[in-house]
Structure formats: structure tokens, C-alpha cells
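What follows is a single structure, written as C-alpha cells, with notes after it.
The values are calculated or read from the model by the stated rules, or taken from the named source; none is laboratory data. Values in this document were obtained by computation on a predicted structure and should not be read as measured data. Positions of Cβ are backbone-derived with ideal geometry, glycine not excepted, and every protein chain shown enters the neighbour counts.
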Amino acid sequence: MNIVHVVGTGTIGEPLIGLLADNKEHFGIDEVTFHKRTPLLTERGKVGDLERRGAVLAVDEDRTSAFEELGHVPKYEAVEAINRATVVIDCTPVGNQMKDDFYSDADGPIGFMAQGSEYGFGKPYARGVNDAALSHDDDRFLQIVSCNTHNISVLVKSLGMDPDGTNHLENGRFLCMRRANDISQDGGFIASPTVGGHGDDRFGTHHARDSHDLFATLGYDLNLHSSAIKLNTQYMHSLHFSLTLDRDITLDEVLERLAENTRIAVTHKTSANEVFSFGRDHGYYGRIMSQAVIPLESLAVRNGNEIVGFSFTPQDGNPLLSTVAAMLWYLDEQTLDQRIDILRRYLFTEI
């Protein structure tokens, strides 16, 4: 019996639970369970909808009655739900703590995943980047890298490497321009652009470090550096990139390489508002699952070997795709490509 348990109902957890519940038969899942820690009147509609769609609620034992008072029907206690699951997907900001407290000693699950911020949880993974590095013998724990790390990594692989894996990237520089908060969140908005520091002497911010570590699982040691600034917008993250190669490249070749990568969308739109609106109208829960959206007007080749441009980040969407792919890999690697194909409708080549 294949049981997938999701911990957390935030900006990644909620759409993931819905996605799994809506497609559980196609994915080969017998039951989808999810854990919510805090009973909230303001989130009764959200939890109730997930229950109506077939997801089964698990709560902490001392909060069962509070959830029942809101009209919910908890079936499992939190630790029980972990232990009976086949795969556990942690969508909280405390995945590493949960690993220490619960996951490491759990006998039932064959695989655990945590999301981008949980550095060190397990082997970093992004769909289409380092699938070949996964090992059932070694990788009970996986870290699904962040949305901006997905963006950086797919640009590096598509534009800095040949299809056979030959690396031509001499250095990659990235400026992550991050939205202040999600449109679903009231807190965390800022009044003006706010710069971040460079906490890592070699990589700058965690985005380049995580991308480096992702490629390191394949034997690469890439020269990457990233900076970050938070902008007073709720629409999308965006990324400025500079990729210097060890060979010359033309703008036409850049366009050809982007056209060949089915996980990258190109667009003639130049505003995050327009791209975000496309996702709202055509995505799943408003999320497109392309790993990057590149405005063609922004692209240029400098000095014959430096590719510069901008790329919008489909935050939450690209980790969702990688999370589902990793889940299917745990459940049945042989049918992964067939089963995940149902999500192709949310991968766009043009926006």
C-alpha cells in the first residue's frame, strides 16, 4: 500500500496535497495524508476542501478536539501518520529538526523529502538536473532545492553545458530579486527594496551554494556566485544572470538551446505582472511548473562568450514538479516518466 504523507499546509504544502489527492490513482497512491499543526478558524475552509478531495488529516494528539470543534475529522495522530507512510514530504521550515526528532527513527517510510531552505537534510535534487545521481541504496533523504536554485541550475545546464554533459561554464553570476511575500500572506511585506548579505565567502548566498552542491552530485565543481535583494512586490522572484563560457557562443545558439529545453519557457512579456497572471490563469493553484521563464528581449551575448539576461522564477511551481518526481522515484522508478507526464500541461515552452 502506497501512502504519501505531507507535513505542512503552507504555500508549497497546500497545492502539493491538492495535487496528490487529485491525481492519486494516476500516481499509484492508495492514500494521501497530511499533518496540520495549528487549528485555525481562518483556515477551516482550506483544510475542509483538502479533506473533501480525499486527503486524510493527521494532527497532534493534544489538538484533536480543537480540530473536531472546527468540523474537521482527524484520522491519524501526527507520529502515527509518519510511521505508516511510504513517503514523507516535509513542507515546513523545520525539516531538519523534524528529521532529528522523528524521521531518522521512523521504520516505515522508504523516503523523506524536505524543501529548499532545509540545507543538509539529504542529497539535493532538481528534476531534469541530477536525476542520474539518485540512488535507492543511499538516498532515503532528499532536499528539494529552492525555486531560485532551480532557476539558476536549469540555466547553467541548458546554456553552460553540452547535452553530453561537457561543461563550458567558467563562472556564473546571479542576482536573485526576491518577492517580499506570497499573495496568500499578510505578514512579511516590506516598504522598499532591501538588500541581503553575502554569508558565504565563496558562493555569496545559499542559492549559488545549493546549485553548486546540486551539480556536485554529478561530479562538477562549478564557479558560481549569487547575491539577493528583496523587492516590495508579491508577484514573482526574478533573476539576473551572467554566464561566462570557455568558448564563443552566438545569440542564435542561445535561443536554440532554450528552445530545446522543455523545462524552460520563453516569453515576449517583460513584466512579472504579466507572467504571474499567466500562471494564475493557466497553472495549477496558479503555479506553472516550468523551471524558468526567460524574457527574450532581455537576452544578449557580451564579448562573444558571456550570456546575460533576466529570468522569472515560477516559485513553488518548479519545486512542486521536482517533489512529485522524487516521490514517484521512491514509489516506482520504472513508471516515473509515464506517471509524471500528467503534469506536462503545466510545463510551457512559451508564455
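So which of R127, R63, R84 is farther than 26 Å from G28 by Cα and among the basic types (K, R)?
R63
Among the residues that make up region 306-316, is at least one of them assigned to a helix (DSSP H, G or I) and either at pLDDT below 95 or closer than 30 Å to I3 by Cα (or both)? Within region 306-316, not a single residue is assigned to a helix (DSSP H, G or I) and either at pLDDT below 95 or closer than 30 Å to I3 by Cα (or both).
So in region 71-87, with the set limited to residues that are closer than 15 Å to F112 by Cα and in contact with a helix residue (DSSP H, G or I) (Cβ under 6 Å, 6 or more places away or on another chain), which one is surrounded by the most Cβ atoms within 10 Å (Cβ to Cβ)? Among them, the one singled out is I82. Give all pairs with beta carbons closer than 6 Å in which a residue from region 76-87 that is touching a residue at least 40 places away in the same chain (Cβ under 8 Å) meets a residue that is part of a helix (DSSP H, G or I) and of a type in the set (F, W, Y); count only pairs at least 6 apart in sequence or on separate chains. Hits for this filter: I82/F102; V87/Y330. Scanning region 148-199 for residues that are surrounded by 15 or more Cβ atoms within 10 Å (Cβ to Cβ), at pLDDT 95 or above and either of a type in the set (D, E, K, R) or more than 27 Å from V129 (Cβ to Cβ) (or both) yields a total of 3. In this entry, D139 is excluded by the filter for residues that are assigned by TED's automatic domain parsing to the domain that holds T42, modelled with pLDDT of 95 or more, over 21 Å from the mean Cα position of the chain (by Cα) and farther than 24 Å from S226 by Cβ. Within region 49-63, being surrounded by fewer than 17 Cβ atoms within 10 Å (Cβ to Cβ) and either assigned to a helix (DSSP H, G or I) or outside the structural domain of G18 (by TED's automatic domain parsing) (or both) holds for D49, R52, E61, D62, R63. For G165, the conditions (1) outside the structural domain of S227 (by TED's automatic domain parsing); (2) assigned to a loop (DSSP other than H, G, I, E, B) are fulfilled apart from (1). Condition check: of a type in the set (G, A, S), buried (at least 22 other Cβ atoms within 10 Å of the Cβ) and farther than 26 Å from G188 by Cβ. Does A259 satisfy that? Here the answer is no, as A259 does not meet what is asked.
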